[in-house]
1. Within the range 87-108, identify whether any single residue is farther than 15 Å from residue 200 by Cα, among the aromatic types (Phe, Trp, Tyr) and touching a Lys or Arg at 6+ places or on another chain (Cβ under 8 Å), and answer yes or no.
2. Starting from residues that are more than 13 Å from the chain's Cα centre (by Cα) and small (Gly, Ala, Ser), keep the ones in the range 264-291 and report whichever is nearest to residue 10 (Cα to Cα).
3. Within the range 116-128, identify whether any single residue is over 18 Å from residue 194 (Cα atoms), among the small types (Gly, Ala, Ser) and free of Cβ contacts under 8 Å to residues at least 24 places away in the same chain, and answer yes or no.
4. Can you find a residue in the range 229-242 that is in contact with a helix residue (DSSP H, G or I) (Cβ under 7 Å, 6 or more places away or on another chain), modelled with pLDDT of 95 or more, surrounded by 20 or more Cβ atoms within 10 Å (Cβ to Cβ) and closer than 19 Å to residue 117 by Cα?
5. Residues that are in contact with a Cys (Cβ under 7 Å, 6 or more places away or on another chain) and buried (at least 17 other Cβ atoms within 10 Å of the Cβ): does the range 149-164 have at least one?
6. List, please: which pairs have Cβ atoms under 9 Å, are six or more places apart or on different chains, and start with a residue in the range 225-247 that is touching a residue at least 60 places away in the same chain (Cβ under 8 Å) and end with one that is part of a loop (DSSP other than H, G, I, E, B) and aromatic (Phe, Trp, Tyr)?
7. Residues that are under 28 Å from residue 263 (Cβ atoms), of a type in the set (Val, Ile, Thr) and in contact with a Gly (Cβ under 8 Å, 6 or more places away or on another chain), at least 1 per element: which strands (runs of 3 or more DSSP E) completely within the range 100-204 meet that?
8. Does the range 177-188 contain any residue that is of a type outside the set (S, T, N, Q) and free of Cβ contacts under 8 Å to residues at least 12 places away in the same chain?
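The values are calculated or read from the model by the stated rules, or taken from the named source; none is laboratory data. This one's a predicted model, so the numbers in the text were calculated from it and none came from an experiment. We place every Cβ from the backbone using ideal geometry, glycine too, and count neighbours over all the protein chains shown.
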Amino acid sequence: MGYDLTRTVKDLKLKEPFRISGHVFETVPVLEVRVWQGTISGEGEAAGVYYRDDLPPRMATALDQATARIESGVSRHELREILPPGGTRNAVDCALWELDSKRLGRPVWQLAGVEAPSPRLTTFTIGAEDPAFVAGKALGDYAGARALKLKLTGETDADIERVRAARRARPDVWIGVDANQGFTPATLAPLVPVLVECGVSLLEQPFKRGAEADMEGLDLPLPTAADESCLDLDELETLPGRFEVVNIKLDKCGGLTEGLMMARRARELGLKVMVGNMVGTSLAMAPAFVLGQLCDVVDLDGPVVLTEDRVPGVRYEDGAIWCPAEVWGAR
């Protein structure tokens, strides 16, 4: 039996501009997909991968070109042969997961072969702003957080002050930093002692995608995570010896199907696993929350930066994310 597919592109409004290395976000466009089979349907949402020019308008065009094949009734694994990794496949893949959940009367987590979900400690991300803003955010909006992620830019002196400001404001929390490819070996060197001094637990993506060889031979006193350096299952094989952690994002790898494959293969390779997000509503966080049950680090704070989320939505309590059954994939 085939499917009927509908799609919409929407702009999500942010509460305030969000700055990372090389980019400032003021809105986040997303592609929403609904796949129908008779009277039941499943939904998925994807923001794509901005640094790959994988953006919702293009994603929608790619989906239009593949719609006839998808509507013929493909499985989630067959979808991997039809669409490449990226936002388009993510939105459709997640919609198919929820459709299967409803059709079979079993929650997605059970279909995925993970244990019944429980709340997961999540990081809350602070943009690369001045130190006073960083401290204010840590003590204000994120006063209830138990884990913070700081965006850095590669401007070494400014980054040092951002890290110190966050640690002075919140001596009690786990802190990770994310450079979004902003550093070189030379600009990273003076930052490392400060990361140690401030008890930073994770350094994410210090160098540009394509410069992974620069990670080899670095004797860093804290673990490093690959984000832009690992987009999908195939690229996972390149990480051992360069990174200790992989940040899996469903928008990068093309959905929960491949995300689960990546998490399990990462364990076989001796890597720790992180789940992240490209910002989105609770519809985007819910599938990633299922993946988060297999992860060491969870970074699923996307709805927190939006002016408006879906209802019902995920909940944030005591620094953790919880996805109620009625949000997605459990009815």
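1. Yes, the range 87-108 contains at least one residue that is farther than 15 Å from residue 200 by Cα, among the aromatic types (Phe, Trp, Tyr) and touching a Lys or Arg at 6+ places or on another chain (Cβ under 8 Å).
2. So, considering only residues that are more than 13 Å from the chain's Cα centre (by Cα) and small (Gly, Ala, Ser), the one nearest to residue 10 (Cα to Cα) is 266.
3. The answer is yes, given that some residue of the range 116-128 is over 18 Å from residue 194 (Cα atoms), among the small types (Gly, Ala, Ser) and free of Cβ contacts under 8 Å to residues at least 24 places away in the same chain.
4. Among the residues of the range 229-242, not one is in contact with a helix residue (DSSP H, G or I) (Cβ under 7 Å, 6 or more places away or on another chain), modelled with pLDDT of 95 or more, surrounded by 20 or more Cβ atoms within 10 Å (Cβ to Cβ) and closer than 19 Å to residue 117 by Cα, which makes the answer no.
5. Yes; the residues of the range 149-164 include at least one that is in contact with a Cys (Cβ under 7 Å, 6 or more places away or on another chain) and buried (at least 17 other Cβ atoms within 10 Å of the Cβ).
6. From the range 225-247, the pairs are 225/243.
7. In the range 100-204, 174-178 are the strands (runs of 3 or more DSSP E) which contain 1 or more residues that are under 28 Å from residue 263 (Cβ atoms), of a type in the set (Val, Ile, Thr) and in contact with a Gly (Cβ under 8 Å, 6 or more places away or on another chain).
8. Yes: one or more hits.
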